[in-house]
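Each remark here refers to the structure printed beneath this line.
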């Protein structure tokens, strides 16, 4: 038996389809005996793993690992499994082993890493484990050889999701994944493409997919969503693509095909691409159910945007904020704050720029995050290579210092003064209290009103220092939620 493990990523109430392990399951469905263990659903995944090992001959434990909380959970589960079942090989796949392959292989509980897309690499790894194929012939695979050296095989060409079978949703208790969101009562997730054709120098997608993107056809996307609606009654969908809108003709056709389903949806797009779309295309996108679209605005400084290789301008962001309002689509703008060259000025400029956006489009949602570097083939944004040394093991990544770095909470960046970091955090707290996101369906109306009332004067005066009353209010609202909402 093959065991596909999706370690816990967050609160159970936020769980979604585990697309990463489902994608691997799709290519071995009908060919291999396998089981899926999802830590977001299973209250004791370690016990489940032990039971499967006792009842079956487990040939391989395959683990999907994202940096952050999922990696911490993966460490705990894999360490315990290795101790009890030392002869079962363990392979990690996903963003963490793709970005930090050597660190992953330095763990005693990781034998192999699949880098990048795994749908072809994984079956070939099974063949290598069975002696049918040589390990050096498996593209996309990394491992430790007999001499204790890390071997990194060549990456394989990127393939479209449309080249692989549909995901085997029937292998999951689907009802437990279709949970309420701001989009609908039964929200599914889907990924219609993989990768991104742009090379922003702060982005962890680039070193994995090297500026490439492959997309399934609009017809396949529509067919899958139609099937999910007929079988399971979905009424909303979140698209997990890094760049859902490949080009205008594709976006227009996709919108027209899913319009009859009556779904409400969220996706990610490019600011410059959307500005090029005609009014007719934007109307088609809105009529198809688009409620909110995420855009990486990143900065209000054209010089900073150029140093990021973002390939947009601040004026384009402002133009989109105004134009998209006409089509009743909420833009969600993300900002990467803390330019290593001048973090103080960058923070001041970003705050001023966000305020300009809110004047143009008060409904625009704002995400503010510290700049956290990742390995990048074109060099890290800010040329910070000499200022940071990444951990060499997963256990070190799981320490408080590096976990906070990964999740962008108190990241201790050598180029970011503590006073500037506090300024960023305080502004984020004020603006998110002044305009609580509509995505938080668990925030009660009285809590929303309280946060808005307490923060309005701060935002109006531009006074963000020492927002102790907002910190208290945020904690109070969380504690006063109905018990079922806090689970």
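The values are calculated or read from the model by the stated rules, or taken from the named source; none is laboratory data. The structure displayed is predicted, hence computed values, not measured ones. Backbone-built Cβ (ideal geometry, glycine too); neighbour counts: all protein chains shown.
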If residue 443 satisfies every condition in (1) surrounded by 17 or more Cβ atoms within 10 Å (Cβ to Cβ); (2) in contact with a helix residue (DSSP H, G or I) (Cβ under 6 Å, 6 or more places away or on another chain) but one, which is the exception? (2)
Given the condition surrounded by fewer than 17 Cβ atoms within 10 Å (Cβ to Cβ) and not in a loop (DSSP other than H, G, I, E, B), answer yes or no: does some residue in region 91-113 qualify? yes
Selected residue (only one of 89, 180, 97, 168 is under 21 Å from residue 7 (Cα atoms) and touching a residue at least 60 places away in the same chain (Cβ under 8 Å)): 168
Being surrounded by fewer than 16 Cβ atoms within 10 Å (Cβ to Cβ) and farther than 30 Å from residue 98 by Cα narrows 322, 341, 383 down to just 322
May I ask you to verify whether residue 477 is at pLDDT below 95 and surrounded by fewer than 18 Cβ atoms within 10 Å (Cβ to Cβ)? no
Here is a check on your reading of the model: is residue 245 touching a helix residue (DSSP H, G or I) at 6+ places or on another chain (Cβ under 8 Å) and at pLDDT below 95? yes
Pick from region 424-440, criterion buried (at least 17 other Cβ atoms within 10 Å of the Cβ) and out of contact with any strand residue (DSSP E or B) (no Cβ under 9 Å at 6 or more places or on another chain), ranking: farthest from residue 456 (Cα to Cα): 426
When the residues of region 122-146 are narrowed to those that are out of contact with any strand residue (DSSP E or B) (no Cβ under 9 Å at 6 or more places or on another chain) and not in a loop (DSSP other than H, G, I, E, B), which ends up surrounded by the most Cβ atoms within 10 Å (Cβ to Cβ)? 123
Conditions first: (1) surrounded by 17 or more Cβ atoms within 10 Å (Cβ to Cβ); (2) outside any helix (DSSP H, G or I). Residue 182 passes all but one, so which condition is the exception? (1)
Flag if residue 219 is in the same structural domain as residue 297 (by TED's automatic domain parsing), touching a residue at least 12 places away in the same chain (Cβ under 8 Å) and surrounded by 16 or more Cβ atoms within 10 Å (Cβ to Cβ): no
Got a sec? Which of 409, 421 is within 24 Å of the chain's Cα centre (by Cα), surrounded by 13 or more Cβ atoms within 10 Å (Cβ to Cβ) and under 26 Å from residue 464 (Cβ atoms)? 421
